[in-house]
Amino acid sequence: MPGPHVFLSRSEPLGCPCNCWPARRAMEELLHQEGCEPVVVDRESLVPGQDWMAAISDGMGSAHGMLLIVSSHALRSEHVQNELAMAELRNRHDGFPVILLMLPEVTLDALERSGLGSLSPHRRQMVEWPGKDDIEAVRHDIRPQLDLMRAESGGAKVHHRVVHHLREVDAESLGRAGATLGVPLETLSPLMRHRLASGLLTERPSEAVSDPLRAALTELLPLPGPDASRELVQLSVTHARVPVDEAARMRGVLDAGSPRVAVLPALSTDTARRYIHRASEQPLPWDHFVVPLTAGTGVLTDLVERIGEELLEEFDIHDEETLREHEHDFGPVVVIVPHPPDTDLVRALDTAYPEGLLFLFVVDGTLLGTTGTHTCLEGLPTWREEEMNRTVRRFVRRYGTTSTH
């Protein structure tokens, strides 16, 4: 994955005898060493016919943060003022990181009296430039901000969703939850939220006593709204308890050809829903529903008809084309069948629905005696399966439902 882009804002006239050029060259080298991509807009970088402000706007739009080299020239530069104004606007919208590198010839008083002072740069991290011979001091001071840019530029949608939910949690609660999960404490709150999101979503088998995930959730909840609390619980517990290898095997069924069948040994269809959510790798799980088998004649025909009715009523899917569209846009629809996948059943379902669906059979007990072409998942030990579902139910009941009082 490419590293974050860091917009380098500065002003350095050719032949300038001050620290402008040494600082610029040193910071470009440092950023490259840290795996970042410096974004530098100057006359050499302009495409023929490209407008200067358009180039700045494009550079800022692709950047994940900004490093402003505060020189005496930058204090008087309209371009630097415009760049900082863009950065401030993005900062208010999405927390765009801004770092100020103060050169020795610029005082804080001069900065505040300049055209940059009206944009409140003093609210940003300020790092003193000690000279090119002590670049490690600068690296130490700005590395947390660079780590934040990496976190913002990478990560899955689920990770960023959890970070979003943690934005209103106070620093003390973040710290206590992080200590419980073994996450290093960060003084930079946005970075701490990313660290904690990673900790919550790390695969973590349940423990019979003093489980760290449950303890961490207790520190973080409730969130401002029950929907947010419920989603944080579901995402955290699902990612911590369902093995990532099992989720990958479920996704592999989609590319394994026909029939698309997986078998999960489990006591509850709730467990199947957690596996589906984990395999989807999205904040929202793949669409799914349960179709229990009924005793009697015509079971296969009845099952195929009920699946068709559910697809039409719930998802507006009425033929193979709309089924393919749905999978392309949202992922497959998963049909949970609480029954062993005997050969005739699998053949009938595959004939009726050769694409667009994934059939997840839930089997209570061992898989001995089951036949057919399918992917057998390992499932969880009984007590861990029960703990996973019980944790979701209890925490959602306490924090994720609207109070009626």
Would you mind finding the one in G199, G182, G225 that is surrounded by fewer than 15 Cβ atoms within 10 Å (Cβ to Cβ) and closer than 26 Å to W383 by Cβ? G182
When you check A110 against the structure, is it in a helix (DSSP H, G or I), open to solvent by less than 10 Å² (accessible area, probe 1.4 Å) and of a type in the set (A, V, I, L, M), yes or no? no
Residue identified as under 17 Å from D287 (Cβ atoms), without any contact (Cβ under 8 Å) to a residue 60 or more places away in the chain and within 32 Å of the chain's Cα centre (by Cα) among R324, R306: R324
Looking only at segment 131-166, which residues are under 30 Å from I69 (Cβ atoms) and open to solvent by 70 Å² or more (accessible area, probe 1.4 Å)? K132, D133, D134, E136, H140, R143, R150, E152
Turns out the helices (runs of 4 or more DSSP H) fully within segment 256-354 with at least 2 residues that are of a type in the set (D, E) and surrounded by fewer than 17 Cβ atoms within 10 Å (Cβ to Cβ) are 299-315, 320-330
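The values are calculated or read from the model by the stated rules, or taken from the named source; none is laboratory data. What you are looking at is a predicted structure, and each value in this text was computed from that prediction instead of being measured. Note: ideal-geometry Cβ built from the backbone for every residue, glycine included; neighbour counts use all protein chains shown. Note: areas computed on protein heavy atoms with side chains; ligands, DNA, RNA excluded. Shrake-Rupley method; radii C 1.70, N 1.55, O 1.52, S 1.80 Å.
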